[in-house]
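S.K.: Sharing a structure with you now.
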Amino acid sequence: MQSSEPASQALTPRLPDWGVFRSEDGGESWTRITSDPRPALRIGGGDLPIIRVDPSNPDVVYSTGLVTMKSVDGGKTWASLRGAPGGDDYQNIWISPTNPNTLALVSDQGAVVTLNGGRTWSSWFNQPTAQLYHVSVSPTFPYRVCAGQQESGSMCIASRGNDGEITDRDWHPVGVIEYGYVAPDPLDTDVIYGAGRNVVSKFHWSTGQVQNVTPIPLRDASTRVDRTEPLLFSPLDPHTLYYAANKVYKTRDGGVTWETISPDLTREKPGIPASVGAMHAPEMQTQRGAIYSLSASPRDADLLWAGTDDGLVWRTGDGGKNWADVTPGGLSAWSKVTQIDASHFDESTVYVSVNRMRVDDLHPYIFRTRDGGKTWKSISEGLPHDEPVNAVREDTQRKGLLFAATEKSVWMSWDDGDHWASLQINLPHTSMRDLWIQDADLIVATHGRSNLDPRRHLPAAATCGHAVAGHCAGTPGAGLSSRAKHLTDTPIHPMSRSARILRQGL
């Protein structure tokens with residue numbers, strides 16, 4: 001909703017009867033201003049359109065959505081300003097207060113700008129913008145960084161380019177649904193698995209073919225899925241692939257056959273959170289969730305941990321035959337267990353991150369257990385009070401070194417989570433969605449700024465105390481050298497993503 005000048009005029013699509021409405025009395029009463037349904041259409045995921053009024057002319061109105069539309073008569077009639085191709089799902093628009101022909105239009109993939117009222121637009125390929133969900137890497141050299149990408153399916157990109165820099169020549173889709181986890185096969189570099197909604201995909205680099213190998217091709221009322229579904233290989237058995245909906249599944253033959261290894265792990269009656277008030281869907285109190293996070297122990301092949309999007313944590317020590325509810329005390333329904341990370345050094349130690357944004361709770365929550373889930377300790381001290389946590393990861397090489405991704409920044413702890421310090425350095429402040437540690441690299445998947453790959457040559461904790469990497473000296477990591485190539489390269493255009501963005505890293 002946006003008010004124009006004077007303040008008594010406003011338009012909004014946020015009413016039960018979808019449409020564009022106008023108020024002449026500061027919102028006391030509303031009138032449907034148009035019978036055209038297009039400017040009020042919601043984006044596929046449910047995002048509401050954004051209404052913007054030209055600050056220099058209250059009769060010029062824009063609405064963003066699947067297509068960005070424009071009205072020049074106060075919302076009575078509408079015409080399309082920009083649609084596909086171009087990123088789809090337009091989320092917001094900015095109008096210059098000094099020149100109404102200058103507009104910035106934001107989509108899931110980036111921003112485009114016009115200087116002539118929409119006759120021509122710039123490209124979103126010239127900026128490091130993307131919405132990525134979960135990150136993983138392939139068992140190759142150079143390794144590929146892989147993730148599901150909003151409105152662009154998915155991607156794997158080489159961590160080292162063969163053209164003097166990392167370019168979009170090193171970027172390739174891998175058949176995974178846009179929100180999904182990506183799981184490169186540790187035994188076959190030709191195969192990439194992915195999971196999202198109720199699809200488990202199997203992509204082959206050599207042919208470009210994608211198979212649907214889901215264990216639940218036909219869902220009934222007993223099966224529930226989230227759009228982001230855990231998918232991972234066992235760190236101790238590369239033949240075993242795990243997948244989770246509201247139950248946990250396992251395959252050892254590449255998705256040809258699956259075994260269900262858990263009951264429904266979600267909360268039976270989550271209730272209605274107070275923050276929703278009366279604005280809830282029918283039967284919301286009995287709406288069960290799905291498994292949102294899954295972790296396999298790097299020390300015990302039969303030890304698995306699962307977390308749900310309705311506030312439960314589960315443990316099995318026998319490969320799924322029996323599951324125990326080990327939820328940290330006080331963790332209520334509508335708490336999303338965003339990530340579980342089983343320790344590389346101790347099978348009884350596990351880290352859990354929780355996000356409670358859905359119930360209007362922006363506090364950070366990270367828990368640690370050292371006794372297999374019998375007792376838990378909150379280890380959120382030092383994190384900002386208004387940064388929900390999306391992921392926690394333990395370093396693979398140094399015991400006690402943790403990393404956390406929040407809605408605004410990245411944090412690190414030298415002492416197993418007892419204290420935290422910012423690792424933001426030059427990172428943009430955006431939603432940090434997931435973390436992955438590969439050798440000496442810490443990789444961050446973000447909403448807004450794509451993948452970021454800071455090199456992690458950290459000093460010893462005893463040398464640095466709680467100081468942040470970059471603020472004290474550390475030992476440089478191992479260097480790599482390769483023979484120079486002698487190809488005659490096609491020049492990279494200076495306005496391309498390659499030239500302007502990817503030379504910075506990922």
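The values are calculated or read from the model by the stated rules, or taken from the named source; none is laboratory data. No experiment lies behind these values; they were computed from the predicted model shown. Heads up, the Cβs are rebuilt from the backbone with ideal geometry, glycines too, and the neighbour counts pull from every protein chain shown. The accessibility values were calculated without ligands, DNA or RNA, using every heavy atom of the protein model including side chains. Shrake-Rupley method; radii C 1.70, N 1.55, O 1.52, S 1.80 Å.
S.K.: When you go through 328, 298 one by one, which is the residue that is touching a residue at least 12 places away in the same chain (Cβ under 8 Å) and either open to solvent by 20 Å² or more (accessible area, probe 1.4 Å) or more than 15 Å from residue 371 (Cα to Cα) (or both)? It would help to see each step written out before you state the result.
M.R.: Details: 328 fails: either open to solvent by 20 Å² or more (accessible area, probe 1.4 Å) or more than 15 Å from residue 371 (Cα to Cα) (or both).
298 is the lone residue from the list that is touching a residue at least 12 places away in the same chain (Cβ under 8 Å) and either open to solvent by 20 Å² or more (accessible area, probe 1.4 Å) or more than 15 Å from residue 371 (Cα to Cα) (or both).
S.K.: Of all residues in segment 142-159, which are open to solvent by less than 30 Å² (accessible area, probe 1.4 Å), touching a strand residue (DSSP E or B) at 6+ places or on another chain (Cβ under 8 Å) and closer than 29 Å to residue 226 by Cβ?
M.R.: Listed by number, the residues that qualify are 143, 145, 146, 147, 148, 149, 150, 154, 155, 156, 157, 159.
S.K.: Give the residue that is least open to solvent (accessible area, probe 1.4 Å), with candidates limited to residues of segment 107-135 that are of a type in the set (A, V, I, L, M, F, W, C) and assigned to a loop (DSSP other than H, G, I, E, B).
M.R.: 130
S.K.: Among the candidates 421, 391, single out the residue that is under 17 Å from residue 293 (Cβ atoms) and among the hydrophobic types (A, V, I, L, M, F, W, C).
M.R.: Step by step, each of 421, 391 is checked, and only 391 is under 17 Å from residue 293 (Cβ atoms) and among the hydrophobic types (A, V, I, L, M, F, W, C).
S.K.: Residue 367 passes all but one of (1) part of a loop (DSSP other than H, G, I, E, B); (2) more than 17 Å from residue 408 (Cα to Cα); which number fails?
M.R.: Looking at each condition in turn, residue 367 falls short on (1).
S.K.: Starting from residues that are under 16 Å from residue 392 (Cβ atoms) and hydrophobic (A, V, I, L, M, F, W, C), keep the ones in segment 331-340 and report whichever is surrounded by the most Cβ atoms within 10 Å (Cβ to Cβ).
M.R.: The qualifying residue surrounded by the most Cβ atoms within 10 Å (Cβ to Cβ) is 337.
S.K.: From 231, 236, 218, which residue is surrounded by 19 or more Cβ atoms within 10 Å (Cβ to Cβ) and not small (Gly, Ala, Ser)? Even if it seems obvious, please write down each step before you answer.
M.R.: Details: 236 fails: surrounded by 19 or more Cβ atoms within 10 Å (Cβ to Cβ); 218 fails: surrounded by 19 or more Cβ atoms within 10 Å (Cβ to Cβ).
From the options 231, 236, 218, the qualifying one is 231.
S.K.: Oh, and also: Starting from residues that are modelled with pLDDT of 90 or more and assigned to a loop (DSSP other than H, G, I, E, B), keep the ones in segment 160-177 and report whichever is most open to solvent (accessible area, probe 1.4 Å).
M.R.: By that ranking, first place goes to 173.
S.K.: Given (1) closer than 24 Å to residue 428 by Cα; (2) aliphatic (A, V, I, L, M); (3) buried (at least 17 other Cβ atoms within 10 Å of the Cβ), identify the lone condition not met by residue 104.
M.R.: (3)
S.K.: Of the residues 20, 53, 67, 61, only one is in contact with a Ser or Thr (Cβ under 6 Å, 6 or more places away or on another chain) and under 18 Å from residue 108 (Cβ atoms); which?
M.R.: 67
S.K.: Still on this structure, I have one more. Every residue in segment 270-288 that is more than 15 Å from residue 309 (Cβ to Cβ) and of a type in the set (A, V, I, L, M, F, W, C), please.
M.R.: 272, 274, 276, 278, 279, 281
S.K.: Now, a different point. Taking into account only those residues within segment 182-196 that are within 17 Å of the chain's Cα centre (by Cα) and closer than 16 Å to residue 152 by Cβ, which is surrounded by the fewest Cβ atoms within 10 Å (Cβ to Cβ)?
M.R.: Filtering first and then ranking leaves 196.
S.K.: Mind counting the residues in segment 331-361 that are aliphatic (A, V, I, L, M), closer than 25 Å to residue 272 by Cβ and in a strand (DSSP E or B)?
M.R.: Within segment 331-361, residues that are aliphatic (A, V, I, L, M), closer than 25 Å to residue 272 by Cβ and in a strand (DSSP E or B) number 3.
S.K.: While we're here: What residue, among those in segment 80-101 that are modelled with pLDDT under 95 and outside any loop (DSSP other than H, G, I, E, B), is most open to solvent (accessible area, probe 1.4 Å)?
M.R.: Filtering first and then ranking leaves 80.
S.K.: Would you mention how many residues in segment 112-124 are more than 16 Å from residue 89 (Cα to Cα) and either in contact (Cβ under 8 Å) with a residue 24 or more places away in the chain or touching an Asp or Glu at 6+ places or on another chain (Cβ under 8 Å) (or both)?
M.R.: Residues in segment 112-124 being more than 16 Å from residue 89 (Cα to Cα) and either in contact (Cβ under 8 Å) with a residue 24 or more places away in the chain or touching an Asp or Glu at 6+ places or on another chain (Cβ under 8 Å) (or both): 2 in total.
S.K.: Please enumerate the residues belonging to segment 203-215 that are surrounded by 15 or more Cβ atoms within 10 Å (Cβ to Cβ) and over 19 Å from residue 133 (Cβ atoms). Give the steps one after another, and end with the answer.
M.R.: Kept after step one, since they are surrounded by 15 or more Cβ atoms within 10 Å (Cβ to Cβ), are these residues of segment 203-215: 203-205, 210-211, 213-215.
Correct list: 204, 205, 211, 213, 215.
S.K.: For segment 1-51, enumerate the residues that are under 11 Å from residue 75 (Cβ atoms), part of a strand (DSSP E or B) and either among the small types (Gly, Ala, Ser) or at pLDDT below 85 (or both).
M.R.: If the condition is that a residue be under 11 Å from residue 75 (Cβ atoms), part of a strand (DSSP E or B) and either among the small types (Gly, Ala, Ser) or at pLDDT below 85 (or both), then 10, 11, 12 are the ones that fit.
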